[in-house]
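The values are calculated or read from the model by the stated rules, or taken from the named source; none is laboratory data. Predicted model only: the values in this text are computed from it and were never measured. Here Cβ is always computed from backbone atoms with ideal geometry, including for glycine, and neighbour counts include all displayed protein chains.
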Amino acid sequence: MVAMRLDKHVCMWCGACVGVCPVNSIILFETRIEFQDHCTDCLICERMCPVGAIYHVDENDGHIQLQSEI
Amino acid sequence: MLWAKLEDEYDVIVVGAGPGGSWAAKHCAEEGLRTLMIEKRQEIGSPVRCGEGMAKVWLDELGIKPNKEWIANEVQGARIYSPNMAHIEVNEKHAGNECGYVLHRSFYDKAMAREAARSGAQVLVKCMATAVLKEDDYVTGLKIHYMQQEKEVRAKVVVAADGFESQIARWAKMPGLRTNLKSKDANACFQYNMIGVDCDVRYNDFFVGSVAPGGYVWVFPKGEDQANVGIGVNLSKITGAAEAKRYLDKWIAKMPEYRKGKIIEQVCGGISCSQPVKKSHANGLILVGDAARMIDPLTGGGIANAQMSGMLAGPILKECIEKGDVSEQALKAYDDAWRAEMETQLLRNYIAKEKVLDLPDETFDKIISALSEVQLEKITTYTLLKALETKHPELVAELADLL
């Protein structure tokens, strides 16, 4: 089990994560992203975010982000 | 009191005041339909989520008069660079009106919304749709949130012009309406607006290959020393965080003419590079523009298609509402109308995008080098493949189904 988190200092409110969420579990309220309960932990939003504002936490609340080779 | 003027029921509610939404609202209002357009942002057109390149094709048909207010630069052509920096030039002579403008999107969107308002549509900003109302398998309106108030507003037809997020269609859960995207059908985009760069105002430049896997880097000049320098990367090629930005930063670091630029704006966003939706209509609901995945999957351009679909919706909704039939069967006329205008091109470019997605750098080099050596009178898929045939018949065989 993981939970999605947002670094609001990085987020540019573009909605890219919203558009690719396969279960439509993310909502963008103008400048505020909210993850809803029916998230399936697929991490597509984390890969899609152009600026890396999305990360996730594991059951121990450890802060994790998909590493990039670029 | 703005809220007091809000009716309990409209003929049409348009969700989203981008170019597609504004053009739908304008043409519905012009038909005499009682039209409300809502926009969740407090300012229409901002923040920008766009590379701002736009072809001139269809401006006349759409009834849009070019205006200095929203044109930053008019280019005479495009240059496409391979990984080894060979390039081909596509200009108006080759491609008709496919070349065009670099826009100030924040002004463009406001100009379009002004026209919708002047045509009689009511416009409400900072107003978010929070739920889709349904009755007897019909979409019958929206729950909307405006400042401190939440209100249910009925509409005979809801027009979802909510862009890449395409949430209205998914909330509505109507049969056959699917706007979900596969990874290979979405691009993550990031852009800087830079000052003090050496750009050529005559051209929009595109850089393809592994610099931007499954997409491209663009340089769209907005002035002598100012350009949008951006990137789109295919989501299926992204494995880590912030890769759209990382790829762009890596590319800029290698380019002396852009490396020295100063960043005055950052833009990001997502675009689809999919086929258009299989169905853009349901009982009491239609989708326009990006929400219906009408973005050209090869070029990433979506403004003209969005406005065309919005414009076509006007008279069709008028007829359906007048007859009292806003069923899926009646609204299919809208689906048919936009497909007649753009579906062939979108499907062809989808096949092309699928080809390009996994093309190695060497193949890009071969194709662009070979094409740079011939003078083409007119650039079409056919003439491009013909030109390739002499030098690289093996590539033509591979690309043949594009014909």
Is there any pair with a first residue in the range B:57-74 that is more than 20 Å from B:Asn305 (Cβ to Cβ) and touching a residue at least 12 places away in the same chain (Cβ under 8 Å) and a second that is surrounded by 12 or more Cβ atoms within 10 Å (Cβ to Cβ) and among the β-branched types (Val, Ile, Thr) whose Cβ atoms are under 7 Å apart and which are 6 or more apart or on different chains, and what are they?
B:Ala72/B:Val102; B:Asn73/B:Val102; B:Asn73/B:Val201
Considering the range A:1-37 alone, what residues qualify as being of a type in the set (Val, Ile, Thr) and under 12 Å from A:Ala53 (Cα atoms)?
A:Val10, A:Ile33
In the range B:140-179, anything of a type in the set (Asp, Glu) and under 30 Å from B:Cys273 (Cβ atoms) is listed as B:Asp162, B:Glu165
Only one of (1) more than 9 Å from every other protein chain (Cβ to nearest Cβ); (2) without any contact (Cβ under 8 Å) to a residue 40 or more places away in the chain; (3) over 22 Å from B:Asn180 (Cα atoms) does not apply to A:Gln65, and that is (1)
For the range B:213-220, check the following and say yes or no: at least one residue is facing chain A (nearest Cβ under 10 Å), on the phi > 0 side of the Ramachandran plot and either surrounded by fewer than 24 Cβ atoms within 10 Å (Cβ to Cβ) or assigned to a loop (DSSP other than H, G, I, E, B) (or both).
no
Among what's in the range A:1-42 and is within 19 Å of B:Val48 (Cα to Cα) and away from every other protein chain (no Cβ under 12 Å), pick the residue that is surrounded by the most Cβ atoms within 10 Å (Cβ to Cβ).
A:Lys8
Do you know which of the residues in the range B:179-202 that are aliphatic (A, V, I, L, M) and part of a loop (DSSP other than H, G, I, E, B) is nearest to the other protein chains (Cβ to nearest Cβ)?
B:Leu181
Which of the residues that make up the range B:315-330 are surrounded by 24 or more Cβ atoms within 10 Å (Cβ to Cβ) and either without any contact (Cβ under 8 Å) to a residue 60 or more places away in the chain or closer than 17 Å to B:Trp58 by Cβ (or both)?
B:Ile316
Would you kindly identify the strands (runs of 3 or more DSSP E) lying entirely within the range B:98-178 that contain at least 3 residues that are surrounded by 18 or more Cβ atoms within 10 Å (Cβ to Cβ), touching a residue at least 40 places away in the same chain (Cβ under 8 Å) and within 14 Å of another protein chain (Cβ to nearest Cβ)?
B:127-135
Could you identify the single residue in B:Lys245, B:Lys250 that is buried (at least 21 other Cβ atoms within 10 Å of the Cβ), within 7 Å of another protein chain (Cβ to nearest Cβ) and not in a loop (DSSP other than H, G, I, E, B)?
B:Lys245
For chain A, please list each of the strands (runs of 3 or more DSSP E) lying entirely inside it that holds at least 2 residues being within 29 Å of B:Val277 (Cβ to Cβ).
A:3-6, A:26-29, A:32-35
Considering only residues that are outside any helix (DSSP H, G or I), at pLDDT 95 or above and among the aliphatic types (A, V, I, L, M), which ones fall in the range B:296-329?
B:Val326
Determine which single condition B:Ser274 fails, assuming it passes every other condition in (1) assigned to a loop (DSSP other than H, G, I, E, B); (2) within 24 Å of B:Glu61 (Cβ to Cβ).
(2)
Residue set B:Glu30, B:Glu39, B:Glu7, B:Glu43; condition surrounded by 21 or more Cβ atoms within 10 Å (Cβ to Cβ) and acidic (Asp, Glu); output residue B:Glu39
